[in-house]
Amino acid sequence: MITPVIRPRRLRNSPALRRLATETRLHPSEFVLPMFVREGNGDAVPIQSMPGVVQHTIDSARRAVTEAAEAGIGGVMLFGVPSVRDAVGSGATDPDGILNAATRALADEVGDALSVQTDLCLDEFTDHGHCGVLSADGSVDNDATLERYREMALVQAASGSQLLGLSGMMDGQVAAVREALDQNGFVDTAVLAYSAKYASAFYGPFRDAVESTLEGDRRTYQLDPANRREGVREALLDISEGADIVMVKPAMSYLDVLSDVAAVSDIPVWAYQVSGEYAMIEAAAAHGWIDRRRAVEESVLSIRRAGADAVLTYWAVELATWLNERQAR
Ligand code: PBG
């Protein structure tokens, strides 16, 4: 009989020892809930491809954000679903546009209980669905888009957003927005750079959620899923441009990039567990093919383990509720 000298199983033998040997723990304060707020009257509208997620009205969003604050999560990231779109995304810079109106309402509702954050990108507001404005030849005009982002940043900051989520993948967007904020007295408004944002199939359900009109794809500005080094390069560039936080997105198919970015970043690194990641687990669980709660917890744990300090996830509040229950026992 061979008797091993080294026995890693020793530390797995009792629940207490397993708890002591745990390397990564989840806490509600490190979750951010993405929320969709729709313009117009009526009720919240369920999103078919994201069971359990809705397009809120401002009223239903007020209730949801109060619940989120009670669960102790760190923040909410707001996306607007406007009723009218045009070529330059005018609704994005209208102080009464849905995203800015919702920001004011929710910031007022929650006060300091959690941070209200906003998506800074034009795709929800343009009739062509791209993240920027177009040149005459139909391509996305990087530098003209930066001007729109600067205007958006000022309106969002004035509306009470504490953290601007720059998700458009335009070159120079962090520096451009930072400068506009600083020149206009918003020195304390923070910038979350979606630095390594990949052109991913996993955004599919999100496009339903915001009723995206996009035809074609975003491959001229979002990263090629094949590229790992380039994700790190983008994060380092955003850090040098003054980002407060860098992000990798999607999360689960990009844990290598996340780990690389976390290894070199001297600012917080977040990850976005996107709509398709959510939909896959929900769909498999609905069929009874996986244990929903265990799969949700394991998925978010893996993202934290790979190096994310915080995670944007549609399960933020439910996950926080589970953790709070466990704490109470
Ligand atoms: C763009 C944006 C997208 C998502 C967040 N911000 C969509 C895209 O780039 O096509 C996707 C989020 C998700 O899938 O959950 N404003």
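The values are calculated or read from the model by the stated rules, or taken from the named source; none is laboratory data. Since the structure is predicted, the reported quantities are computational estimates derived from the model, not experimental observations. Methodologically, a virtual Cβ is constructed for each residue, glycine included, from the backbone with ideal geometry; neighbour enumeration extends over all protein chains shown. Heavy atoms of the whole protein, side chains included, go into the accessibility calculation; ligands, DNA and RNA do not. Shrake-Rupley method; radii C 1.70, N 1.55, O 1.52, S 1.80 Å.
The table that follows gives values for the structure above.
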| item | result |
| --- | --- |
| Among 15-21, 267-273, the order from most to least packed when residues are scored by Cβ within 10 Å on average | 267-273, 15-21 |
| Additional length obtainable on full extension of the chain from S90 to D171, 0.36 nm per residue less Cα span | 27.0 nm |
| DSSP beta bridges in region 27-328 [antiparallel fraction, %, rounded to 5] | 10 |
| By average C-beta atoms within 10 angstrom, highest first, the peptides 90-97, 136-143, 102-109 | 102-109, 90-97, 136-143 |
| DSSP beta bridge pairing in region 110-229, given as percent antiparallel to the nearest 5 | 10 |
| Relative contact order (%) - criterion: Cα under 8 Å, at least six apart; region: the chain | 18 |
| The chain: angle of helix 255-264 to the longest principal axis, Cα-based, in degrees nearest 10 | 80 |
| Percent accessible area from carbon and sulfur atoms, the chain, protein chains only, probe 1.4 Å | 50 |
| The chain: most fluctuating residue of S115, S161, S135 per GNM, C-alpha cutoff 10 Å | S135 |
| Overall dimensions of region 27-328 as given by Cα atoms, namely Rg and Dmax in Å | 17.9, 60 |
| Residue of A176, A201, A157 that the Gaussian network model of the chain assigns the largest fluctuation, springs spanning Cα pairs under 10 Å | A201 |
| Nearest 10 degrees, 0 to 90: helix 275-286 Cα axis against the chain principal axis | 50 |
| Centroid-to-centroid separation of region 151-189 and region 258-329 [C-alpha atoms, Å] | 27 |
| Phi to ³J(HN,Hα) by Karplus 6.51 cos²θ - 1.76 cosθ + 1.60 over region 31-43, Hz, x for Gly, Pro | 10, 10, 9, x, 10, 9, 10, 9, 6, x, 8, x, 9 |
| DSSP-loop GluC sites (Glu not before Pro) across region 191-275, with at most 12 other Cβ within 10 angstrom | E215 |
| Per-peptide average of other Cβ atoms within 10 Å, ordering 282-295, 50-63, 299-312 highest first | 299-312, 50-63, 282-295 |
| Cα-based helix-to-principal-axis angle, 98-110 vs the chain, degrees rounded to 10 | 50 |
